[in-house]
């Protein structure tokens, strides 16, 4: 069975929850919801063109990885009050974009830019560790009741753990395809975990703002 059947349910669930609580979501969470909707489209369309058109879909995911980093990065700037840290985030995003452009120009849009993916994973991990540290870890409120905690943990867990696999992705596909297929399960498991955790952040934010509005 294709991994796409395991990757879609979590995204669909998160989009459903996000749409349900949409009016209560603040701007950073709306951007994350947009990202999940884009991820759902890319995963579905990427599977379609690969399965039924027998065409390479690397170009689609090359576009997605830069969109993902920017949407998550901009979302993080809304979760930070320090202008200095915001500027650092934007610098990291700009640097990642330059690296992405360089990789694409060197190898073409049709070769998966795994080096750019790894750099993006590193940057997003650092950004959300800062967000988690600043907003949640030393807050007076219980961490598990904070939307930002679940958003940050889901993001850090996915991107930090994905770095080793993505770093060797192209090499393993070319020289060790059987090993690559097995290690690809790591990415699938991380994906399955990631989106329901984001959905929890939507639920907590929706319940919190809904209760305040009702009061």
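Give me the residue from the stretch 98-129 that is surrounded by fewer than 18 Cβ atoms within 10 Å (Cβ to Cβ) and within 16 Å of the chain's Cα centre (by Cα) and, out of that set, nearest to residue 60 (Cα to Cα).
122
In this structure, does residue 73 turn out to be farther than 20 Å from residue 100 by Cβ, touching a residue at least 12 places away in the same chain (Cβ under 8 Å) and part of a helix (DSSP H, G or I)?
On the way: farther than 20 Å from residue 100 by Cβ: no; touching a residue at least 12 places away in the same chain (Cβ under 8 Å): yes; part of a helix (DSSP H, G or I): yes.
Criteria not met by residue 73.
Conditions (1) under 16 Å from residue 115 (Cα atoms); (2) surrounded by fewer than 20 Cβ atoms within 10 Å (Cβ to Cβ); (3) touching a helix residue (DSSP H, G or I) at 6+ places or on another chain (Cβ under 8 Å), marked per residue:
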residue	(1), (2), (3)
44	no, yes, yes
52	no, yes, no
58	yes, yes, no
62	yes, no, yes
67	yes, yes, yes
70	no, yes, yes
74	no, yes, yes
78	no, yes, yes
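Helices (runs of 4 or more DSSP H) wholly in the stretch 102-215 with at least 1 residues that are modelled with pLDDT of 95 or more - which ones?
114-132, 147-167, 177-214
Could you grab me the full set of residues in the stretch 1-44 that are assigned to a loop (DSSP other than H, G, I, E, B) and touching a residue at least 24 places away in the same chain (Cβ under 8 Å)?
Initially, the stretch 1-44 is screened for residues assigned to a loop (DSSP other than H, G, I, E, B), giving 1-3, 21, 25-26.
Scanning the stretch 1-44 gives 2, 3, 21, 25, 26.
The values are calculated or read from the model by the stated rules, or taken from the named source; none is laboratory data. None of the values given here were measured: they were computed from a predicted structure. Heads up, the Cβs are rebuilt from the backbone with ideal geometry, glycines too, and the neighbour counts pull from every protein chain shown.
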